[in-house]
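Data block below; observations after.
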Amino acid sequence: MIPPRRPRNPTLLPQAALAPPALRSRQATGLAVAAAQGRFMLQVCDDCGRTCYPPREACNVCLCANLRWRDVPTGGVVSAQTTVRISMDPYFRPRTPWRVGTVRLDCGPDAVVHLHASLAPGDRTRLTLKLDKAGQGVIFALPPSDTPDMPTDQALRETTCDPRGRRVLVTDGRTPFGQDLARTLIAAGAEVFLGLAAPWHPFPGQDSLPGTPVTLDLTDSRSTEICAAAIAGRVDIIVNNAGDFRPGHPGLDDARLAMETTYLAAARLAKYFLPALQARGGDGPYAACAWVNVLSIAGLVPDPAYPSASAAHAAALAQIQALRPSLRPLKLITAFVGPLDDQWHQALPPPKVSPAQLASAVLTALRNGQEDIAVGDLARHTLALWHDNAAITLRR
Amino acid sequence: MSSLAAFAADLATGKIKVVDLTHTLSPDFPTIVLPPEFGQCAPFRSEVISRYDENGPGWFWSNITVGEHTGTHFDAPIHWVTGKDLPNNTTDTIPPADFVAPACVIDCSADAANNGDFILTVAVLEAWEAKNGRIPKGNWIFFRTDWSKRKGAAYANVLADGAHTPGPDAAAVQWMIDRGCIGFGVETIGTDAGQAHTFTPMYPAHTLMHGAGRYGLQCMCNLDQLPATGAIIVAAPLKIEGGSGSPLRVLALIPA
């Protein structure tokens, strides 16, 4: 069980922000790709149909090299369990005792897995792929269906970012999207700081804002620095929704604005806020854990109707990818969205992403510890096409 | 003693006082906000190049970005379509002699300080002249409202139907042009009233003043320290090539 959050003993060093061993083969990185999307995928042999685990270059039955990552059944039976009490690894040493087990998967192979506290040998289990603090995919064995105390498992919590008991900064509270994100996270047990740029200029919902308002204009380095000085040491999760999602005027001034509000805004967060989060990334069950960026799917597959936004979101995405290794153990979550259901997209027919839909998807991603999510039918479809064949998707 | 030498002596002895009519150029100072479908004026931003650090161990400097119409700023005639074809209508071609001129200050603070819809009319201007004498040619006409004493949201005063800030009606603007003023200066974000998009013509201060080759000064402060007449204004915009305006330092010289 997880103890309630208490102030840290200020005379002690915080627990170091370490990560478990990260070295993997190119093939094994496929586990992380699946885990990031919240899918349970293993290599399946095209020739003999067997499921292979651990990931490898060739089928361990027929020796052919035609292994393909596929979604496979998630069921299994716990064969054995053990508890690691002493570890040589600096990440695991302060986290023992740590339960591991072997599971016979319904799809064939046996796997060594992280074992949920409630499971014992002989139990049916549901297998998931989770991202560990090193960003690598690991198999976590869960009870067959969700139980109320499931998220309080300490080992599972290392792979997720449950906002309960954590402090969250939502960077743009001027829109219904930011306000709904804040409300949803508060309902999920988080304490929320709501960033507000240009407070002198009125906006819808300003009289009933959720959370604690903070002045934050991510297009202004000084504003970001001042806000970070006040709260970065407290924030455990940042949800950055301040990007520019407007269909652009063709002008260069518009392109500059899109870069300011999307790419450079994320760069300012990275400079002024993220070091403080990263430093607290290993500090107990309420450690700082995630940086969520709401980005347009046009940043992955450019949209001719949104040239400036496509470029700005692509730049932000590239930046986040580049920062990922240096910001571990934080999770860098990208929530790809299609057209938002706002004034700027009046001319588009549904499906469009509503504030409630975005908030719910971000909450789910945090609870599951997923790093790549798509919100809404359009973004989901586009992301699936991109995963299938990025080059064809870009051409079309 | 030449008049300039006398001036220097008066400055040195404090007989002439210098009043700063300029707000600090800061990122959070309200800028004009057009309806969102239009392009917007950039607020002031500053990025440090180095501050005695690895990017420059012994020196501090920054790169700034700013719109031409941000903070305390000057409007050149080319700012408005009515002034686009006039000669010498840009910040770099306006005759420099125009940057030093006397000012008449129309004090409407009692009526306008708490009334965002206060309108400067010919009647107000004529009443001022009845008290202070005819406004000479070549003067700035400053509209004192004390709005510079407001902060943030109260200063911008944006409501659901747009900004509500004091400004002149079309007849008053034409009257000021006919007096031969060099330009019109205000404490609010625009020389026009916040609701001037509902006037006829729209935005009369911009439309008529710039059409007549006159200038604008906006977002000034400390007008309450100026005499009704007798102040000399130094207001030179940056010499931006083809510029429609610029932030600037506005100084007033007044008898102590």
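The values are calculated or read from the model by the stated rules, or taken from the named source; none is laboratory data. Computed from a predicted model, the values in this text were never measured in an experiment. So basically every Cβ, Gly included, is an ideal-geometry build from the backbone, and we count neighbours across all protein chains shown.
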Those residues of the range A:325-363 that are under 11 Å from the mean Cα position of the chain (by Cα) and of a type in the set (D, E, K, R) come to a total of 1
Does B:Leu217 satisfy being surrounded by 20 or more Cβ atoms within 10 Å (Cβ to Cβ), touching a residue at least 24 places away in the same chain (Cβ under 8 Å) and assigned to a strand (DSSP E or B)? yes
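Taking A:Ser221 as the residue in question, decide whether it is among the hydroxyl-bearing types (Ser, Thr, Tyr), within 14 Å of chain B (Cβ to nearest Cβ) and surrounded by fewer than 21 Cβ atoms within 10 Å (Cβ to Cβ).
yes
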How many residues of the range B:38-85 are in a loop (DSSP other than H, G, I, E, B), aliphatic (A, V, I, L, M) and away from chain A (no Cβ under 13 Å)? The answer is 1
| Could we say that A:Ala36 is over 27 Å from A:Leu366 (Cα atoms), not acidic (Asp, Glu) and not assigned by TED's automatic domain parsing to the domain that holds A:Gly369 here? | no
Going through the range B:142-171 in order, the residues found to be within 14 Å of another protein chain (Cβ to nearest Cβ) and either in a strand (DSSP E or B) or acidic (Asp, Glu) (or both) are B:Val158, B:Leu159, B:Asp161, B:Gly162, B:Ala163
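Being acidic (Asp, Glu) and under 22 Å from A:Thr102 (Cβ atoms) is the filter; apply it to the range A:115-152 and report the residue that is nearest to the chain's Cα centre (by Cα).
A:Asp132
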Wholly inside the range A:303-396, helices (runs of 4 or more DSSP H) that include 1 or more residues that are in contact (Cβ under 8 Å) with a residue 12 or more places away in the chain and within 17 Å of A:Leu185 (Cβ to Cβ) are A:355-368
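One line per residue, one yes/no per condition, for (1) of a type in the set (A, V, I, L, M, F, W, C); (2) under 16 Å from A:Val239 (Cα atoms); (3) assigned to a loop (DSSP other than H, G, I, E, B):
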{"residue": "A:Phe140", "(1), (2), (3)": "yes, no, no"}
{"residue": "A:Leu185", "(1), (2), (3)": "yes, yes, no"}
{"residue": "A:Pro199", "(1), (2), (3)": "no, no, yes"}
{"residue": "A:Phe203", "(1), (2), (3)": "yes, no, yes"}
{"residue": "A:Pro210", "(1), (2), (3)": "no, yes, yes"}
{"residue": "A:Asp217", "(1), (2), (3)": "no, yes, yes"}
Per the filter on the range B:226-247, residues more than 15 Å from B:Cys104 (Cβ to Cβ), out of contact with any His (no Cβ under 6 Å at 6 or more places or on another chain) and not in a strand (DSSP E or B) are B:Ala236, B:Pro237, B:Leu238, B:Lys239, B:Ile240, B:Glu241, B:Gly242, B:Gly243
Determine, yes or no, whether B:Leu25 is modelled with pLDDT of 95 or more, surrounded by 13 or more Cβ atoms within 10 Å (Cβ to Cβ), away from every other protein chain (no Cβ under 14 Å) and in a loop (DSSP other than H, G, I, E, B).
-> no
Would you check if there is a residue in the range B:112-124 being part of a helix (DSSP H, G or I), within 24 Å of A:Trp200 (Cα to Cα) and away from chain A (no Cβ under 14 Å)?
yes
Residue match in the range B:124-139 (condition: more than 19 Å from the chain's Cα centre (by Cα) and under 22 Å from B:Asp75 (Cα atoms)):
yes
How many residues of the range A:232-270 are in a helix (DSSP H, G or I), away from chain B (no Cβ under 11 Å) and touching a Ser or Thr at 6+ places or on another chain (Cβ under 9 Å)? The answer is 7
It is to be established whether one or more residues within the range B:172-187 are outside any strand (DSSP E or B), in contact with a Ser or Thr (Cβ under 8 Å, 6 or more places away or on another chain) and within 17 Å of B:Phe74 (Cα to Cα).
yes
Within the range A:84-97, does at least one residue satisfy the condition of being outside the structural domain of A:Val292 (by TED's automatic domain parsing), part of a strand (DSSP E or B) and either touching a strand residue (DSSP E or B) at 6+ places or on another chain (Cβ under 9 Å) or not β-branched (Val, Ile, Thr) (or both)? yes
Is it true that some residue in the range A:147-162 is surrounded by fewer than 24 Cβ atoms within 10 Å (Cβ to Cβ), under 30 Å from B:Asp161 (Cβ atoms), of a type outside the set (Asp, Glu) and in contact (Cβ under 8 Å) with a residue 60 or more places away in the chain? no
Restricted to the range A:163-180 and to residues being in contact with a helix residue (DSSP H, G or I) (Cβ under 6 Å, 6 or more places away or on another chain) and either of a type in the set (Val, Ile, Thr) or in a strand (DSSP E or B) (or both), the residue nearest to A:Ala266 (Cα to Cα) is A:Val170
### Query
Residues in the range A:70-80: is at least one outside any strand (DSSP E or B), touching a strand residue (DSSP E or B) at 6+ places or on another chain (Cβ under 7 Å) and closer than 22 Å to A:Arg157 by Cα?
yes
Of the listed residues (A:Thr125, A:Thr147), the one being away from every other protein chain (no Cβ under 14 Å), over 19 Å from A:Asn240 (Cβ atoms) and either in a helix (DSSP H, G or I) or modelled with pLDDT of 95 or more (or both) is A:Thr125
Residue set B:Asp10, B:Asp20; condition farther than 27 Å from A:Ser221 by Cβ and more than 9 Å from every other protein chain (Cβ to nearest Cβ); output residue B:Asp10
Of the residues in the range A:42-69 that are of a type in the set (A, V, I, L, M) and assigned to a strand (DSSP E or B), the one that is surrounded by the fewest Cβ atoms within 10 Å (Cβ to Cβ) is A:Val44
Practice prompt. Tell me, please, whether a residue that is buried (at least 22 other Cβ atoms within 10 Å of the Cβ) and among the aromatic types (Phe, Trp, Tyr) can be found in the range A:325-347.
Written response: yes
So, first residue in contact (Cβ under 8 Å) with a residue 24 or more places away in the chain in the range A:1-20, second residue among the polar types (S, T, N, Q), Cβ within less than 7 Å, six or more apart or across chains; the pairs are A:Met1/A:Thr152; A:Ile2/A:Thr152; A:Ile2/A:Gln154; A:Ala17/A:Gln278
The one condition A:Phe193 fails out of (1) facing chain B (nearest Cβ under 10 Å); (2) under 16 Å from A:Ile238 (Cα atoms) is (1)
Taking the range B:28-37 and the residues there that are more than 9 Å from chain A (Cβ to nearest Cβ) and exposed (fewer than 13 other Cβ atoms within 10 Å of the Cβ), the one that is farthest from B:Ala154 (Cα to Cα) would be B:Pro35
Look at B:Thr91 and say whether it is assigned to a loop (DSSP other than H, G, I, E, B), of a type outside the set (A, V, I, L, M, F, W, C) and either surrounded by fewer than 19 Cβ atoms within 10 Å (Cβ to Cβ) or within 14 Å of chain A (Cβ to nearest Cβ) (or both).
no
